[in-house]
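Before any comments, here is the structure.
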Amino acid sequence: MLGFSSLSDESSPYGLTRLGDDEAVLAYDPADVELVNGIGIAGSGLPRKRLFQFFKGYGYSFCTVVHHNAIVDRNVRIGEGTQVMAGAIIQPFSAVGANTIINTTSVVEHDCIVGDHCHVAPKSLLCGSVSIGDDCFIGAGSTILQNIEVGSEVVIGAGSLVLKNIASRKKGFGAPFREVSEWQSGEML
């Protein structure tokens with residue numbers, strides 16, 4: 001197995017051999033490799049999104065990773081480079097965009113849409129027919145009730161309960177969710 005990493009430590013988990021930083025990937029033909037984006041969204045989703053877009057611009061593709069303990073219905077569409085973690089459940093007729101993280105034990109119920117470059121944090125619940133725009137962060141343990149629409153670039157704090165639609169570029173938290181400010185692209189979550 002080959003691995004690329006920005007880490008300064010030469011050792012690597014999972015038996016990967018560290019070959020260099022992200023620029024070292026460019027020495028490989030895009031037709032010969034498939035990438036996995038190892039950057040999480042713990043502060044800002046911008047570095048993860050930029051890395052994805054950078055390599056896509058050079059013609060590379062990203063592997064979609066679904067943990068063997070995740071449950072994903074066969075009628076679910078999952079975008080390129082998305083990662084579905086252990087214990088996550090994605091129910092029928094849902095769609096998850098590119099480069100998104102559906103984290104540990106999160107539940108995406110039937111007919112939901114989750115946009116590109118999102119992070120649905122651990123133990124979050126999207127009830128049926130929820131729509132999440134691009135570049136959103138849904139904090140750990142949050143619940144979004146059925147038929148709710150969440151715009152793009154929205155940050156929902158941990159433990160929130162969303163009872164009504166949220167316009168784009170909003171940030172807030174609470175049960176029920178209350179907006180606290182406009183979100184600026186690249187701002188820390």
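Read the figures in this text as sums done on the coordinates, not as results from a lab. As the structure is a prediction and not an experimental result, all values here were calculated from the model. Reconstructed Cβ throughout: ideal geometry from the backbone, glycine too, with neighbour counts over all protein chains shown.
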(request) Please work out which residue is nearest to GLY40 (Cα to Cα), limiting yourself to the range 115-129 and to residues that are out of contact with any Phe, Trp or Tyr (no Cβ under 8 Å at 6 or more places or on another chain) and buried (at least 24 other Cβ atoms within 10 Å of the Cβ). (result) VAL120
(request) Identify all residues within the range 92-102 that are closer than 15 Å to VAL120 by Cα and part of a loop (DSSP other than H, G, I, E, B); write none if there are none. (result) SER94, GLY97, ALA98, ASN99, THR100
(message) Of all residues being surrounded by fewer than 24 Cβ atoms within 10 Å (Cβ to Cβ) and more than 9 Å from the chain's Cα centre (by Cα) in the range 95-114, which is nearest to VAL65 (Cα to Cα)? Just the residue, please.
(response) THR104
(request) Just one of (1) under 18 Å from GLY40 (Cα atoms); (2) crowded, with 19+ Cβ neighbours inside 10 Å trips up MET85, so point out which. (result) (2)
